[in-house]
Protein chains: 2
Amino acid sequence: MENVGWLYEFLVAKAAEISAAGSQRAAVISISLFVSLLCVCIVIGHYYEENRWLNQATIAIILKLFLYMIFFLSGLCCRLRDLYPHEQLLFIYLLPPIIFNAGFQVKKKQFFHNFGTIMLFGGSGVLISASIVTAGCKYMFPRLKLGNLQMRDYLALGTIFSATDTVATLQLLHQDETPLLYSLVFGEGVVNDATAVVLFRAVQRFEEAGLDGKAALRMIYEFVYLFSVSTVLGVVIGLIAAYVLKSLYFGKHSTDKEIALMALMAYLSYMLAELFQWSGILSVFFCGIFMSHYGWHNVSGSSKITSKHAFATFSSISESFMFLYVGTNVFNVNIWQLVDVRQSRITELCYAAGANSSREGGICLSNVRHLQLCPCVVIIWWSGIMRGAVSIALAYQQFSTSSGTMNADYATMIYSTTGVVLFTTLVVGVVTKPLIATLLPHHLRHLEPSSPKDEEANEDGSSTFLRRSSLSMLLANPTSAVHSLWRGFDDSYMRPFFGGGGPVRWEP
Amino acid sequence: MENVGWLYEFLVAKAAEISAAGSQRAAVISISLFVSLLCVCIVIGHYYEENRWLNQATIAIILKLFLYMIFFLSGLCCRLRDLYPHEQLLFIYLLPPIIFNAGFQVKKKQFFHNFGTIMLFGGSGVLISASIVTAGCKYMFPRLKLGNLQMRDYLALGTIFSATDTVATLQLLHQDETPLLYSLVFGEGVVNDATAVVLFRAVQRFEEAGLDGKAALRMIYEFVYLFSVSTVLGVVIGLIAAYVLKSLYFGKHSTDKEIALMALMAYLSYMLAELFQWSGILSVFFCGIFMSHYGWHNVSGSSKITSKHAFATFSSISESFMFLYVGTNVFNVNIWQLVDVRQSRITELCYAAGANSSREGGICLSNVRHLQLCPCVVIIWWSGIMRGAVSIALAYQQFSTSSGTMNADYATMIYSTTGVVLFTTLVVGVVTKPLIATLLPHHLRHLEPSSPKDEEANEDGSSTFLRRSSLSMLLANPTSAVHSLWRGFDDSYMRPFFGGGGPVRWEP
């Protein structure tokens, strides 16, 4: 630890230099610091992987908190925010790879098999949580004479505190040991994020005139419209990419071009959705699903390996960088001076109420179908408490102004969001590991309440089975029936045209 | 082609929107356009790969020229330059992956075996070319009463027009068919770029006081100093990365972390060199060499494949983007109004004289050693005419001011550089393919003047052979002797410690 003094002096000297230097020099210094920090996080995180209490995310945050204090002391953070406008950095560069990778890596069979449960948790959870947070803040703030927020801000606040971050839990679950639990936690996290973002977009289009029945209907229409067009755009671009990859590289493969085309088309789907002011997150998520379902089968063997790992790496670097960057605001004096602590506490209280109710609601609704084992429910409930990258990105989108100046209400809202994200990541991150170890002892992990193997057995005869009883199945069990119908259509028409046909179905 | 009218109207409408919109909206529109264009380039480039006249770079440029006209008409380009400051975009984000990939992919055995020849071409070529361009411009401009450039600008101009771009030629040569020619063209291009950049940095430190003997000595000292410290920094970080990868992941591999660590450490070497105001390009190049020589052997099989392809893809996307971005300036009216055509023509003339003399000088010097076959010499000469990404980056570094305003001299110099780069890429790009086809018919390609197989045969007994006659070898053939000494040291000490030991030596 004797190097810390030296490091501190170095940083103070650099900070003084930055104040005088041009923007390129300041960028070089801050990037050097960030990249060094990321490397240290990866290395230390790996060493403590087997530790009972720590995981990589937690170590990263502890390290970051330590460094933020130095940043804070050296006044570096204020300079950083001038360099990179928040919204642009978060929404244009960091979020797309994270969400695309989520879609690309999702286990599609599990995801669509449990589609009903996932949508219940994800979709209804967001709606419940958003309603509670919005209603709570709307009720409390005016009564306590706190702040001067508009209806649109309250609605936005609800969606911001509804986007869960399940990454930390996923790091500790194993896809092979607990496939159902993994797919529920993962799928729910993604659907939750997507729903929150689409709802947020719908709220942004909301015109300030009080929330009556007509306005509510209008918002529901916007929500459905955004959800549909964004999904369709993502699917279409994913299919185009698959077709291009298939028709172009038949017989002669070029790994570099294949990877470049996959990454660029995915990014294009995000950017086009943003261009039309739809939801880029939803587009790029579905583009990822379709690209891995069809396009991925058309590329060479090394492209398959490369795409899988390169996208995952890019996503995790983006995520670490986002946390690093956002944390600089916690130690920002300019924001501190504006923050109203009471207002912040109430917001956090509403978040806690919303998060818990939405989980309980979701669990009650879905309880009858799949989940008989108590530990799984606890883990799903637990994983839904965390808030992450999407919350922060949305908060900046709503409450930061392009000029950099801020009013006190907006500063408080950003402060609360950052606080909740850092707190849940830190505390939940530390507690999750022992919790899972206690709830899921190794001999229990293989006891899965609903095994996908029964489904697997039907697979060979599915198309004949389908023709016989599709209507009765649809009435009895809608999700499975839709899934079977889709499988038949997929095998007969989609795969032969877009790729992924043949007897072997290896999923990334 | 009936879609073009629609596209034009769409772009004009978007351009009008951009003028009014905030910076995030403008960024979304421009990124959407750029990414679409990149996708189209890749697809069309692939279709015309077998064509006699075209290659991917040429098609990209033709497409770009077409779109630049639309950009130009719609006034989009002016807006774009406000969004992204040139220097920062080029030097901080786009150049590092290009150069790192060059170091990572270089065939080290061939590269170091022909180190002498490569250094002759690369190092001396730059010095000859830079001297001629500097002297020519310094002599002509004052006599014709053109411009008001300082001595430092003339020196910078010399280095800018000395950085060759051999990518287009390399796309058409095959590493397996003509290993010597490939390694010469490749290695020379990289050494040339690195030398030009280091020379450019040395020139930037040059204090304005006339170029007397003392100043020249000072510049040589700066050159040697920058070259050494940057190389050492790159080597040290490459070795640290190799050691970390080896000690950390022994037994348990995590592909994502390995790739992230490799990419981040490489980027760190670039950024640290820039932080100390050394040459990031040289650092990241040597970091790439050492990372592929040691670190690459310590990672898992899928990391090996992923790193190889992901870095190559990232590099080629960066390069395409750089060209796309830079080309917007060709159709920039604000610069056009300032350009002095006579001054520009003279600069281009000096470039032509410099480029040719440096090639001839290099060829004369090295002729005795390796190259008896005329076609190879012609191709090396030809490949050295092109100017590319590094020239443009340096020109912006020297001649663009952070405020965005420009004086006439600086505008002319940027205009000349961009013109030379686009012209050589277009013309040389079109002519190279038939030239190589004519000069190197298939039956000739396997006739290599100096075969590396003799060297290969010695490999097994090299360490005993080395002890017997290292001094006599050093006197007879300095490069080979140094190479053998290094091989002995490498096998005995470096590989066991940093990785890459064992009987199989598979190079990326």
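The values are calculated or read from the model by the stated rules, or taken from the named source; none is laboratory data. Because the structure is predicted, anything quoted here is derived from the model rather than measured. Heads up, the Cβs are rebuilt from the backbone with ideal geometry, glycines too, and the neighbour counts pull from every protein chain shown.
Condition check: within 12 Å of B:Ser183 (Cα to Cα) and assigned by TED's automatic domain parsing to the domain that holds B:Ala389. Does B:Thr117 satisfy that? Spelling it out, B:Thr117 is indeed within 12 Å of B:Ser183 (Cα to Cα) and assigned by TED's automatic domain parsing to the domain that holds B:Ala389. Looking across region A:103-134, the residues that are crowded, with 24+ Cβ neighbours inside 10 Å and modelled with pLDDT of 80 or more come down to A:Gly103, A:Phe104, A:Val126, A:Ser129, A:Ala130, A:Val133, A:Thr134. Answer with yes or no whether B:Leu180 is surrounded by 24 or more Cβ atoms within 10 Å (Cβ to Cβ) and in a helix (DSSP H, G or I). For B:Leu180, the condition - surrounded by 24 or more Cβ atoms within 10 Å (Cβ to Cβ) and in a helix (DSSP H, G or I) - is not met. With the structure loaded, tell me whether B:Gln372 is modelled with pLDDT of 75 or more, in the same structural domain as B:Gln204 (by TED's automatic domain parsing) and not small (Gly, Ala, Ser) or whether it fails that test. Spelling it out, it is not the case that B:Gln372 is modelled with pLDDT of 75 or more, in the same structural domain as B:Gln204 (by TED's automatic domain parsing) and not small (Gly, Ala, Ser). For region A:269-302, the tally of residues that are farther than 22 Å from A:Gly122 by Cβ, more than 7 Å from chain B (Cβ to nearest Cβ) and among the small types (Gly, Ala, Ser) stands at 3.
Here A:Leu248 meets the list (1) facing chain B (nearest Cβ under 7 Å); (2) closer than 23 Å to A:Lys107 by Cα; (3) in contact with an Asp or Glu (Cβ under 9 Å, 6 or more places away or on another chain) almost entirely, failing just condition (2). Scanning region A:255-268 for residues that are more than 7 Å from chain B (Cβ to nearest Cβ) and among the hydroxyl-bearing types (Ser, Thr, Tyr) turns up nothing. In the set (1) modelled with pLDDT of 80 or more; (2) away from chain B (no Cβ under 14 Å), A:Ala242 fails one condition alone, (2).
Here A:Ser320 fits the description: within 9 Å of another protein chain (Cβ to nearest Cβ), farther than 20 Å from B:Ser300 by Cα and at pLDDT below 85.
Need pairs with beta-carbon distance below 9 Å; first residue more than 7 Å from every other protein chain (Cβ to nearest Cβ) and within region A:304-316, second not in a helix (DSSP H, G or I); sequence gap 6+ or separate chains. Between residues of region A:304-316 that are more than 7 Å from every other protein chain (Cβ to nearest Cβ) and residues that are not in a helix (DSSP H, G or I), the close pairs are A:Lys304/A:Trp506; A:Lys304/A:Pro508; A:Ser307/A:Val299; A:Ser307/A:Pro508; A:Lys308/A:Pro508.
Looking at B:Tyr221 and the list (1) within 12 Å of another protein chain (Cβ to nearest Cβ); (2) surrounded by fewer than 20 Cβ atoms within 10 Å (Cβ to Cβ), which single condition is not satisfied? Of the numbered conditions (1) within 12 Å of another protein chain (Cβ to nearest Cβ); (2) surrounded by fewer than 20 Cβ atoms within 10 Å (Cβ to Cβ), the odd one out for B:Tyr221 is (1). Would you confirm whether or not region A:210-217 contains a residue that is farther than 30 Å from A:Lys138 by Cα and assigned to a helix (DSSP H, G or I)? No - not one qualifying residue is present in region A:210-217. In region A:26-35, of all residues being more than 25 Å from the chain's Cα centre (by Cα) and within 23 Å of B:Leu248 (Cα to Cα), the one that is nearest to the other protein chains (Cβ to nearest Cβ) corresponds to A:Ser32.
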